[in-house]
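A.B. asks: Mind looking over this structure? Questions follow.
Where a number appears in this text, it was derived from the coordinates with a stated rule and is not lab data. Treat the numbers as computed from the prediction; the structure is a model and nothing was measured. Every residue, glycine among them, receives a Cβ derived from its backbone with ideal geometry; neighbour counts consider all protein chains shown.
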Amino acid sequence: MKIINVSEIAPKDVSNDPLFFGGKVTSQQVLEEDHKGTKVQVIMVNFEPGARNNLHTHSTEQILIVTKGKGIVASKEKENIVTPGMIVYVAPGEEHWHGATINSAFSHLSILGDPHKFKE
């Protein structure tokens, strides 16, 4: 068993990653993909107001657990407002994007199976 305190993990600025735009985004690697053979990756992603990522897909399912603020999780057709306590399941290959609303910062845990690949 391992207990992880996300507040003890230094955030890494990922705003310059081509996946993100519209403001500052940081990530905190909670579990590495190869953590003792586990086939999962867990990352806390923190968006400043208005920041989001581009439409993308993953080769495995993604689970988003909203932890702070007010965000948007969207497909090409529909935007959904999400708040703390909400959990979003994104199927493999489903085009989607997520980020903060214009008036609120937003954080979520992103859980991805291994391997994962972005397709823009």
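A.B. asks: Anything in segment 56-82 that is surrounded by 14 or more Cβ atoms within 10 Å (Cβ to Cβ), in a loop (DSSP other than H, G, I, E, B) and touching a strand residue (DSSP E or B) at 6+ places or on another chain (Cβ under 7 Å)? List them, or say none.
C.D. replies: Start the filter on segment 56-82 by keeping residues that are surrounded by 14 or more Cβ atoms within 10 Å (Cβ to Cβ), which leaves 56-74, 82.
With the extra rule that they be in a loop (DSSP other than H, G, I, E, B), the set shrinks to 58-61, 70.
Answer for segment 56-82, where residues must be surrounded by 14 or more Cβ atoms within 10 Å (Cβ to Cβ), in a loop (DSSP other than H, G, I, E, B) and touching a strand residue (DSSP E or B) at 6+ places or on another chain (Cβ under 7 Å): HIS58, THR60, GLU61, LYS70.
A.B. asks: Could you tell me how many of the residues in segment 39-55 are part of a loop (DSSP other than H, G, I, E, B) and without any contact (Cβ under 8 Å) to a residue 60 or more places away in the chain? I'd like the intermediate steps shown before the answer.
C.D. replies: As a first pass, look at segment 39-55 and keep what is part of a loop (DSSP other than H, G, I, E, B): 39, 48-51, 54-55.
Then keep just the ones that are without any contact (Cβ under 8 Å) to a residue 60 or more places away in the chain; that gives 48-51.
Total satisfying the criteria: 4.
A.B. asks: Here's a follow-up. Quick check: is even one residue across segment 16-33 within 15 Å of LEU112 (Cβ to Cβ), free of Cβ contacts under 8 Å to residues at least 60 places away in the same chain, surrounded by 17 or more Cβ atoms within 10 Å (Cβ to Cβ) and in contact with an Asp or Glu (Cβ under 7 Å, 6 or more places away or on another chain)?
C.D. replies: First, the residues of segment 16-33 that are within 15 Å of LEU112 (Cβ to Cβ): 19, 27-33.
So of that shortlist, the ones also free of Cβ contacts under 8 Å to residues at least 60 places away in the same chain come out as 27-29, 31-32.
With the extra rule that they be surrounded by 17 or more Cβ atoms within 10 Å (Cβ to Cβ), the set shrinks to 27-28.
Among the residues that remain, those that are also in contact with an Asp or Glu (Cβ under 7 Å, 6 or more places away or on another chain) are: none.
No, segment 16-33 contains no residue that is within 15 Å of LEU112 (Cβ to Cβ), free of Cβ contacts under 8 Å to residues at least 60 places away in the same chain, surrounded by 17 or more Cβ atoms within 10 Å (Cβ to Cβ) and in contact with an Asp or Glu (Cβ under 7 Å, 6 or more places away or on another chain).
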